[in-house]
Amino acid sequence: MKSAAAQARLIQLRAEITRHDELYYRAAQPEINDREYDRLKAELAELEAKFPEFAVAASPTDRVGDDRLTGFATYRHRLPLQSLDNTYTEEELRAFHTRLVKQLNREDFAYVVEPKIDGLAVSVTYEQGKLVRAVTRGNGEEGDDVTENVRTIRTLPQELQATEGQVLPDVIEIRGEIFLTTAEFQRINQEREEEGEALYANPRNLAAGTVKLLDSKEVARRKLEIVLYGVGFCEPAVAESQSQFHALVRQRGQPTLERFWTAQGIDEAWAAVRRLDELRHAFRYGTDGAVVKLDNFRWQREAGRTAKAPRWAIAYKFEPERAETRINAITVQVGRTGVLTPVAELEPVALSGSTVSRATLHNRDEIERKDIRVGDYVLVEKAGEIIPAVIEVVLPRRAPQCVPYQFPTACPVCGTAVMQIEGEVAMRCPNANCPTQVRRRLTHFASKAALDIDGLGTAMVDELVARGWVRELSDVFRLRRDDLLTLGKNVEKSADNLLAAIAASKTCDLWRLIHGLGIPHVGVAASKDLASHFRRIESLSEAKFEQFIANKQTLISGIGEVMARSITGFFNEPRNRALILDLIRAGVRPVAPAERATGSTRFAGKTFVLTGTMPTLTRDEASALIEAAGGKVSGSVSKKTSYVLAGSEAGSKLDKARELGVPVIDEAEFRRMQAGD
């Protein structure tokens, strides 16, 4: 390769790797698998070695992935929490062993072989036996503080119990992996499929995205789980080896790996890797490889680490099972929020123990990027071993009649012109009354996360829509008892209960109505922010983009540019504006924050930011107390912040408060203010 071509390829590779880093670590939406990613980095390293004149100081080959996001306090790990180098062949695994033999000048290594769970790495810290902090890997040196979200994991003890004859360490960082079980992932996707929403691609992406949600109640609904597989900083030490640590965790009843192997030498380690590959499909979580570690902690310390990864451990990645089949058609589904999701209808093919006949294509950009066409032969694999995905087209088998796929410009159900909101890839049908959307929108509208109308479940919604009694959301409030009594025998009580629940929902909290409308990107937390700011649904529906964003600055806490465009785009649609008027005519009178009798308006007009761990209050409990007294809780510190409520191990928000001169209070002072002292 000539130098000019090499330089151009280097620039292209660096940009591509940086983009994939952002997709994987921050967005939790990777477009390629680990092996393809490692091939890109290997090609870059090879070119940089061959053409050193084009190498740069901060090459992506030297960079560690960073999962930190705006909105979270950061915390520094006492010991680095690094990712592992990957290997894909037996020869590469044996080369890892050879390097250790040479470095440590010995061959009698004992290894531990563990399943590599496809989730999000986290470090959980206990002090004096009590859970005080959970931090993501971040950049390896410091990560996001996700303690409140991790506390929702029911299997993770909030307090350690000392076993007989053992003393709890003063401080211990335990490393683990947060994941979703296969069953829970399928449950969540089944709900989304029933509502016509795009399916999540795989459990790893969903688990990673869930941990970074700002609403811990939504996190709790997704039933995350965790396994603990390693120790970071520990004082005093509690184990001398990895296998001893596993035994200790199991004795204390903490969640840990259901299987691991101890192996004497690399031959036994390789045999354990192959055995794991045979058994892993029966595990309740997805595994994408095996982790091989030196068992002895002293040897681990002697082996040390590079800037990117430990030298004493390596990940062996299993090859995903793939199958070749033909795309017979591409169908487009319409979801509750109007998202158009393309699906490949496949010639049925056996894959990973099941027959696959459909595979999600995610969105229009995915089809264009891979140039997927009806009639193409494609390679299909199960992303995360669960959801079938089209990996690539088998171009040598492409027939002349296969033409580029034209994504629909109109909704395939109602014919409304589809639109793309700036900043997102999904195409949407903006028609709130699109027939396919009505049923799914109504189910969401009545759900516990929205108006919470008891008795208006999926079966009742289907019946009401099928009979033509409900064509849009406002029709719910015009249902007649006489009509409901025709739905079957002995339905008087259920009909009366449903009508009573509907009547009660007319005076729901304003945020519930906002969330129930199904505005793209607007979840529970954003709905509460909007309700606090606008206080009337009419005001929100008439808001202009400039009321959210001015000079690229966010004017409403928690509402960024993407969400602002989504909100204004939603209410710019005439049908949606008409819906608001119809809801009002039907008697819906949502109640704005602080209008209810709370017994106190002590914090009215005050904005609090919470950081750190408080002695007795959780973050959710403190937020509820502030909101009940008329105050507001924000996720970031600014000059408009009234107080920063700080607990132990407060992070960057405390530093920001001091920099801006914002008053900082502790829980005791907060309690005094709450009591009016």
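Derivation of every value follows stated rules applied to the coordinates shown; laboratory data play no part. Since the model is a prediction, treat every value here as computed from it, not as a measurement. Reconstructed Cβ throughout: ideal geometry from the backbone, glycine too, with neighbour counts over all protein chains shown.
For ASP509, the residues whose modelled amide H falls within less than 5 Å of its own, excluding neighbours fewer than 5 places apart on the same chain, are VAL591. Length available on full extension from ASP482 to ARG259: 0.36 nm per residue minus the Cα-Cα distance, which gives 74.3 nm. Summing charges over all other residues whose Cβ lies under 11 Å from the Cβ of VAL637, with Lys and Arg as +1 and Asp and Glu as -1, gives +3. Between ASP85 and GLN406, the distance separating the two model label sites (each 7 Å from Cα on the Cα→Cβ line) works out to 5.2 nm. Share of Cα-Cα pairs in the range 74-317 beyond 22 Å, in percent? Within the range 74-317, distances greater than 22 Å cover 55 percent of Cα pairs.
Rounded to the nearest 10 degrees, the inclination of helix 3-21 to the longest alpha-carbon principal axis of the chain is 60 degrees. Note on ARG39 and ARG585: their simple-model spin labels are 6.0 nm apart, each label 7 Å out from Cα toward Cβ. The simple spin-label model puts a point 7 Å past each Cα toward its Cβ; for ALA247 and ALA220 those points are separated by 3.8 nm. Once the chain from ARG672 to ASP496 is taken as fully extended at 0.36 nm per residue, the excess over their C-alpha distance is 58.7 nm.
Going down the list LYS41/LYS382; LYS212/LYS639; LYS116/LYS632; LYS293/LYS370, which pairs span over 31 Å between their C-alpha atoms? Where the Cα-Cα span goes over 31 Å, the pairs concerned are LYS116/LYS632; LYS293/LYS370. Helix 524-534 sits at what angle to the longest principal axis of the chain, using alpha carbons and giving 0 to 90 degrees rounded to 10? Between the helix axis and the principal axis of the chain, the angle is about 50 degrees. Close amide H contacts of ALA73 (hydrogens built in the peptide plane, cut-off under 5 Å, sequence separation of 5 or more or a different chain): ASP145. Helix 561-572 against the longest principal axis of the chain: what's the angle in degrees, Cα atoms only, rounded to the nearest 10? The helix 561-572 is inclined about 30 degrees to the chain. Helical content of the chain, expressed as a calculated mean residue ellipticity at 222 nm, amounts to -10500 deg cm²/dmol (DSSP H runs of 4 or more residues, -39,500 (n - 2.57) each, divided by residue number, nearest 500). Summary of the geometry: the range 107-138 and the range 288-310, compared by the centres of their Cα atoms, lie 13 Å apart.
For the chain, the Cys residues with no second cysteine's beta carbon closer than 4.7 Å are CYS234, CYS402, CYS508. For LEU346, the residues 5 or more places off, or on other chains, whose built amide H falls under 5 Å of its own are ASN328, ARG358, ALA359.
Other residues with beta-carbon under 12 Å from the beta-carbon of GLY129 carry, at +1 per Lys or Arg and -1 per Asp or Glu, a net charge of -1.
Full extension of the chain segment joining LYS130 with ASP170 gains 13.4 nm, where the gain is 0.36 nm per residue of separation less the Cα-Cα distance. Placing a label point 7 Å from the Cα of ARG467 along the Cα-to-Cβ line, the residues of the range 439-457 whose backbone N sits under 16 Å from it are 455-457.
For all pairs of alpha-carbon atoms in the range 419-562, what percent lies in each bin of width 5 Å, listed from the first bin to the last filled one? Binned Cα distances yield the sequence 2, 9, 16, 19, 18, 14, 9, 6, 4, 2, 1, 0, 0.
Within the shell defined by Cβ-Cβ distances under 15 Å, the residues around ALA399 carry a net charge of 0, with Lys and Arg each +1 and Asp and Glu each -1. Rg ratio for the range 341-423: its Cα radius of gyration over 2.2 N^0.38 Å, N being its residue count, equals 1.20.
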